[in-house]
Each structure stands twice: as structure tokens, then as C-alpha cells.
Amino acid sequence: MDITKSQLSISHLKMICQLERCETVKEAAQALFITQPALTNRIREAERRLNTALFYRRGRKIIMSNAGKRLLQSAKKILEELARAEHDISRLTDGIEQVLRIGLPHYASFKWLPTLMKGFHELHPSIELEITSEAAIQPLNALLNHDVDLAMISSACEQFELDEKNYCSVCINQDELVACLSVKHKNADKDYLTAQDFIDETYVTNSTVPEKDREYELFFKPEGVLPKRVLQVGFSDAIFELVKANIGISIFSKRQLSRLSPDDDIKVIPLGSKGLALYWHLVYSSQTLIAEPAESIITLLQSTDYQRAK
């Protein structure tokens, strides 16, 4: 595919993204700070260049065609990448030679983060370490799609195998998945919980999408069990409050629960009689520009200061 033959400009991409948010051309034109006739002409120009209709009108409203929806999908990605590039370039002019993005899953512990950021800056003052939420649900996919440069990933195995030869993986430490429930819960006095103990429960979680090497795959699926009700809550602190109020139960890694105190009225119980081990890995590109600072991150994560901060 010859990218030099592209028919559309950035203004066309911004146009279609804005039209998705608005019901009428007039609203979109106001948001883009251009006149309505100017936007109408821009739409016609894009349709002429692509030789297809991007929108249909229903009264004053505009409805996106299938071709328009396909263009919208790419337009969002292109504009996001452009914004990211502009941000990186602006940092370069401020004395930052490289921006390194690290993706963390939403279920990671963050108590160690200040120690890592401080230590990394001392070692690499010209590299900015940026923590992004773009890898919250699927950190490995974000890495392979180049949305992040490094990704912290959990696995049931100490060795994390990758099919991709251009990436490296290092085990940072061992963790454990545990049940988290109110001290008033009927099962609070049990030595451990089985998947069967969750059948009639409200399970409170960050994500309803089954994730690789997490509780759905490692704990529920082998027993053919799912909780009676799943309540998705986007914040760990909110989950803790619901668990504390005995509205539901959840599963976290032990590292996430290190900040809890006995006064929080939350009981932590192992999953299964032998517990459910979990390992944290840092996965990153083997490119020199990424691999060298990644090795510094690994050293910091495995250091005594980090282990104290966990």
C-alpha cells in the first residue's frame, strides 16, 4: 500500500470524529470553529475523493454510513497517534531525549511507583518514564500494538513465554491471588475458599472481561463455576468499600492489599488449600533504545528499596 496516495487530510479525520459526537452539521461546525457551509463542503470533498457516501441525512440529523464508520475507526487511531507524537516531540524540546511508556494493569499495586520513578530519573535524567492507562485491560496487546514500550504482566508461571522473538520477559517477583471479603461475611472464618464458595455471591471486579492468567482462567474456569452476579466497578478503592460493607466479595493480588490494615474490616483468605500463585513479569521490546533503560527498571524493581516499598 502506497501511503503517499492517501486521499484525505487531517482536517477530514478531525471532521469525521467530531461528526460522530454531534447530531447535526451545525453542531459539528461550531465545535470545529468553522462555518456550517465550510463543513458541508469538507464532507462533500471527502466523499468525492473516496467516491462513496460517508453520511446520510434524516431531517436535520446525519447518520454515518458503513464507509463512514470504517473511516472513523482509523481516524481515531491516527489522531491519537499524532497527539502522542506531538506530546513526545514537545518533551524532546524540553531536554527529554526519549519518552518511555510503561503499561500497568488496573489490578497492579502502585505503592512502589514513587521509588521506581525517583530511582529511574537519577539513572536516566534524559528519559521520561510515562505511566499510561492504555494497557489497563490487555497489557500484552498494548505492547504488541506499540501503544506502550514496556508492560507489566501477571502470569501463573514463573517463566512467561512469548511467541514474538523481538520481545524480552523478566520475572520481577512472586505474588498470590487471594479472596477479599468483609469480616462480617459468612465465610470470613474459613481457612481458604474454593470456587464453589463464590456461586451464590456478588463478585465485585474491575473488569468483566476474562483476562489471561487471572481469576476467571485460574480459579473459576477449572471448576466450571461463575459467581451468581458480577458487579463491575472501575476503581479498587470503590471495590474495597463495597467489600467492607459486605455487599460483595472480590479477588486481588496480595500486593494490592498490602496497604490494608486490621481497622479496614476486610479479611484476606487464600484461594484453594494450596493458594493460587501469581508471578509479575516486565515484558519489553528488545530494541536497544528500550532494552537498556528496561534493564535499569528491572534492577530497581528487584532492589531492596522496591521490596520495602511493595
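Placing +1 on the Cβ of every Lys and Arg and -1 on the Cβ of every Asp and Glu, with nothing else charged, gives the chain a dipole about its Cα centre of roughly 1660 debye.
In terms of surrounding Cβ atoms within a 10 Å radius of their Cβ, Ile62, Ile247 rank from fewest to most as Ile247, Ile62.
Determine the alpha carbon to alpha carbon distance for each of Lys76/Lys254; Lys190/Lys228; Lys118/Lys274; Lys76/Lys221; Lys254/Lys274 and list only those over 26 Å. Lys76/Lys254; Lys118/Lys274; Lys76/Lys221, as the Cα separations exceed 26 Å there. Each Cα pair under 8 Å and six or more residues apart adds its sequence gap; the mean of these over the residue count of the chain is a relative contact order of 20 percent.
Taking other Cβ atoms within 10 Å as a rough exposure proxy, Leu257, Leu181, Leu100 sort from fewest to most as Leu257, Leu100, Leu181.
From the coordinates of this entry, semi-axes √(5λ) of the Cα gyration tensor in Å is computed, and it appears in (i) 39, 24, 19; (ii) 31, 24, 18; (iii) 43, 28, 18 under the label (iii).
Sorting Tyr192, Tyr279 by the number of Cβ atoms found within 10 Å of their own Cβ, with the fewest placed first, yields Tyr192, Tyr279. In terms of the mean number of neighbouring beta-carbon atoms within 10 Å, the peptides 249-256, 168-175 order highest first as 249-256, 168-175.
Remark: relative contact order (region 8-79) = 36 percent; criterion is Cα-Cα distance under 8 angstrom and separation of 6 or more residues. Only DSSP H runs of four or more residues enter the estimate; each adds -39500 (n - 2.57), and after division by the residues of the chain the mean residue ellipticity at 222 nm equals -11000 deg cm²/dmol.
Taking the average, over residues, of other Cβ atoms within 10 Å as the packing measure, peptides 141-154, 229-242 rank 141-154, 229-242 from highest down. Only one residue of His281, Cys168, Ser6 has its Cα farthest out toward the positive end of the dipole of the chain, where Lys and Arg carry +1 and Asp and Glu -1 on Cβ, and that residue is Ser6.
Among rounded, prolate and oblate, which fits region 8-79 when a ≥ b ≥ c are the square roots of the eigenvalues of its C-alpha gyration tensor, a/c under 1.5 means rounded, and a/b larger than b/c means prolate? The shape class here is rounded.
What is the distance in Å between the Cα centres of region 17-73 and region 214-287? The two parts, judged by their Cα centres, are 45 Å apart. Loop-located trypsin sites (Lys or Arg not before Pro) in region 1-92 (DSSP state other than H, G, I, E, B) with a sparse environment of at most 14 neighbouring Cβ atoms within 10 Å: Arg60. Under the shape rule built on the C-alpha gyration tensor, where the axes satisfy a ≥ b ≥ c, region 174-277 is rounded, since a/c falls short of 1.5.
Any read-out appearing in this document is the output of simple, stated calculations on the displayed coordinates, not a laboratory observation. From a predicted model like this one, the values you see are computed outputs, not experimental measurements. No Cβ is skipped: glycine too gets one built from the backbone with ideal geometry, and neighbour counts run over all protein chains shown.
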